[in-house]
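The values are calculated or read from the model by the stated rules, or taken from the named source; none is laboratory data. Quantities reported herein were computed from a predicted structural model and do not represent experimental measurements. Here the Cβ positions follow ideal geometry from the backbone for every residue, glycine too, while neighbour counts run over all protein chains shown. We work out accessible area using only protein heavy atoms, side chains counted, and drop any ligands, DNA or RNA first. Shrake-Rupley method; radii C 1.70, N 1.55, O 1.52, S 1.80 Å.
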Amino acid sequence: MIYSIVVLPGDGIGPEITEQALRILTAFNDVSLDIKQELIGGSAFESVGDPLPPKTLNAVGNANAILFGAVGDSKYDYLPRNLRPEQAILGIRKKLRLFANFRPAILYPQLIKASTLKPRIISNLDILIIRELIGDIYFGEPRGFRTALVGDFKGEKEAYDTMQYSIPEVTRIAKIAFDTAKNRKKKLCSVDKANVLETSQLWRDTINVVGQDYPDIELSHMYIDNAAMQLIKNPLQFDVIVTGNLFGDILSDEASMLTGSIGMLPSASLNSKGQGLYEPIHGSAPDIAGQQIANPLAMILSVAMLFRFSLKMPRYANKIENAVFNVLDSGLRTPDIYEEGMTKVNTDEMGDAVLNELKNISR
Ligand code: NAD
């Protein structure tokens, strides 16, 4: 089988880290890939006047997987919202119905000092947050601005959004979360605000119904405010967390920061047809773009997720992850994760090291 992969380098450090990720993606001789590079984000706007050109949208629709760098730069802030680079990623999520977002927060033991938390709180941290990605208050209708018709501020301008989830929508993400928990520590924590929100009550009830089909999974529920606190206080209590779009947006950023290194964490966004978009959790980092100091490891680890989820080749995913682990063990560090006594390397050199290690492991 030949897998079709669309690569979208994007803006800022996107092209630099994508270059390294591509070397890893193409490292296995027995995997047949048809790789197409397309324009996206600010660079697409510069070239063709559209951050998500129809050619790109068409290509991602036909792909098995998409490898996405990053988009955005404050120099495009003057543009109307629909022409801003960040709209491109929302457009792809919507077009492909990428409803399940996987965000692992893993603390590499070699980088334990990079976290702001005490080692005893975070050592061996390995949490997976599964966030519903195309529903909730971000997409609910109606939304907009109006004049308040009731209340203390009647007659004043107000804004409103709609938080909504349907039972099938929650069921779909719940099944993914339970299935994932099955292959980990068999612990799932669902996060909501069921003490206040009807949407959350339906979320919780639905999770409980789906949970009846997974008697071997230890299911717990937590309110979002408590979850935000517990992630800092005692993160090791969590294994898999499942939550809605809004709460997941906030919690997944919080969890990633427990590891202290934004340049290390990958993500995957999947639809029900097995298509996936793989990207580092960080943005386009315009402040360091073009300087060869960006950490390419989050992007390389996104390639590992692509092998695991879209190509169903976990053996290669493990090899890439082991190669990264070994390179960190050997003391190589890009500036963002550098500490005294280690060897500072640039973006290309980090890519070289992972590729060499991958060859050693595969021998
Ligand atoms: P950012 O993640 O780009 O950068 C935050 C900080 O982390 C910066 O100091 C940056 O230098 C550093 N950093 C990020 N990735 C790094 C890496 N791989 N190696 C070393 N250091 C790294 O967030 P920001 O500065 O808030 O946003 C910059 C632009 O990226 C904005 O236009 C924003 O909208 C966009 N953005 C895009 C995505 C995406 O494409 N999915 C996600 C988040 C932000």
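Could you list, in sequence order, the residues of the range 72-84 that are within 14 Å of the ligand (Cβ to nearest atom) and surrounded by fewer than 23 Cβ atoms within 10 Å (Cβ to Cβ)?
Passing the criteria: Asp73, Ser74, Lys75, Tyr76, Asp77, Tyr78, Leu79, Arg81, Leu83, Arg84.
How many of the residues making up the range 328-351 are of a type outside the set (Ser, Thr, Tyr), within 14 Å of Met299 (Cβ to Cβ) and open to solvent by less than 50 Å² (accessible area, probe 1.4 Å)?
The total comes to 2.
Can you say whether Leu90 is within 21 Å of Ile129 (Cα to Cα), not assigned by TED's automatic domain parsing to the domain that holds Asn124 and not charged (D, E, K, R), as far as the supplied structure shows? Outline the logic, then answer.
Details: within 21 Å of Ile129 (Cα to Cα): yes; not assigned by TED's automatic domain parsing to the domain that holds Asn124: yes; not charged (D, E, K, R): yes.
Spelling it out, Leu90 is indeed within 21 Å of Ile129 (Cα to Cα), not assigned by TED's automatic domain parsing to the domain that holds Asn124 and not charged (D, E, K, R).
Can you tell me which condition Phe325 does not meet? The list is (1) open to solvent by 70 Å² or more (accessible area, probe 1.4 Å); (2) not in a helix (DSSP H, G or I), and all the others hold.
Tallying (1) open to solvent by 70 Å² or more (accessible area, probe 1.4 Å); (2) not in a helix (DSSP H, G or I), Phe325 fails exactly one: (2).
Tally time: how many residues in the range 85-102 are more than 12 Å from the ligand (Cβ to nearest atom) and either out of contact with any Leu (no Cβ under 8 Å at 6 or more places or on another chain) or within 20 Å of Ser252 (Cα to Cα) (or both)?
Residues in the range 85-102 being more than 12 Å from the ligand (Cβ to nearest atom) and either out of contact with any Leu (no Cβ under 8 Å at 6 or more places or on another chain) or within 20 Å of Ser252 (Cα to Cα) (or both): 6 in total.
Please indicate, with yes or no, whether at least one residue in the range 22-35 is within 15 Å of the ligand (Cβ to nearest atom), among the acidic types (Asp, Glu) and either open to solvent by 20 Å² or more (accessible area, probe 1.4 Å) or free of Cβ contacts under 8 Å to residues at least 60 places away in the same chain (or both).
Looking through the range 22-35, none of the residues is within 15 Å of the ligand (Cβ to nearest atom), among the acidic types (Asp, Glu) and either open to solvent by 20 Å² or more (accessible area, probe 1.4 Å) or free of Cβ contacts under 8 Å to residues at least 60 places away in the same chain (or both).
In this structure, does Ile232 turn out to be surrounded by fewer than 18 Cβ atoms within 10 Å (Cβ to Cβ) and β-branched (Val, Ile, Thr)?
For Ile232, the condition - surrounded by fewer than 18 Cβ atoms within 10 Å (Cβ to Cβ) and β-branched (Val, Ile, Thr) - is met.
Looking only at the range 285-338, filter to residues that are more than 18 Å from the chain's Cα centre (by Cα) and acidic (Asp, Glu); which one of those is farthest from the ligand (Cβ to nearest atom)?
It comes out as Asp329.
Looking for something assigned by TED's automatic domain parsing to the domain that holds Gly61 and more than 29 Å from Lys95 (Cα to Cα) - is there at least one such residue anywhere in the range 305-316?
Going through the range 305-316, the residues assigned by TED's automatic domain parsing to the domain that holds Gly61 turn out to be 305-316.
Those still in the list that are more than 29 Å from Lys95 (Cα to Cα) too: 315.
Looking through the range 305-316, at least one residue is assigned by TED's automatic domain parsing to the domain that holds Gly61 and more than 29 Å from Lys95 (Cα to Cα).
Which of the numbered conditions does Ser272 fail, given that it passes all the others? Conditions: (1) closer than 22 Å to Ile134 by Cα; (2) assigned to a loop (DSSP other than H, G, I, E, B); (3) near the ligand (Cβ under 10 Å from one of its atoms).
Here Ser272 clears every test but (3).
Filter the range 52-66 down to residues that are assigned to a loop (DSSP other than H, G, I, E, B) and in contact (Cβ under 8 Å) with a residue 40 or more places away in the chain and give me whichever is farthest from Ile2 (Cα to Cα).
Leu52
Could you list, in sequence order, all residues of the range 325-341 that are modelled with pLDDT of 95 or more and hydrophobic (A, V, I, L, M, F, W, C)?
Phe325, Val327, Leu328, Leu332
Exactly one of (1) open to solvent by 20 Å² or more (accessible area, probe 1.4 Å); (2) within 12 Å of the ligand (Cβ to nearest atom) is unmet by Pro266. Its number?
(1)
Could you check how many residues of the range 2-21 are assigned to a strand (DSSP E or B) and within 16 Å of the ligand (Cβ to nearest atom)? Write out each step before concluding.
Quick first cut of the range 2-21, residues assigned to a strand (DSSP E or B) only: 2-10.
Of the ones still in play, those that are also within 16 Å of the ligand (Cβ to nearest atom) are 6-10.
The number of residues fulfilling the criteria is 5.
If only one of Ser252, Ser220, Ser261 is within 16 Å of the ligand (Cβ to nearest atom) and touching a strand residue (DSSP E or B) at 6+ places or on another chain (Cβ under 6 Å), which one is it? Give the steps one after another, and end with the answer.
Numbers: Ser220 fails: within 16 Å of the ligand (Cβ to nearest atom); Ser261 fails: touching a strand residue (DSSP E or B) at 6+ places or on another chain (Cβ under 6 Å).
Criteria check complete, one pass: Ser252.
Among the listed residues Val170, Val196, Val209, identify the single one that is within 21 Å of the chain's Cα centre (by Cα) and of a type outside the set (Asp, Glu).
Val170
If Gly69 satisfies all but one of (1) outside any loop (DSSP other than H, G, I, E, B); (2) away from the ligand (no atom under 16 Å from the Cβ); (3) assigned by TED's automatic domain parsing to the domain that holds Ala21, what's the number of the condition it fails?
Just one mismatch for Gly69, condition (2).
Where the second residue is open to solvent by less than 80 Å² (accessible area, probe 1.4 Å) and in a loop (DSSP other than H, G, I, E, B) and the first is farther than 27 Å from Phe247 by Cβ and lies in the range 153-168, which pairs have Cβ atoms under 7 Å and are six or more apart or on separate chains?
Within 7 Å, the pairs are Lys154/Ala148; Gly155/Ala148; Glu156/Ala148.
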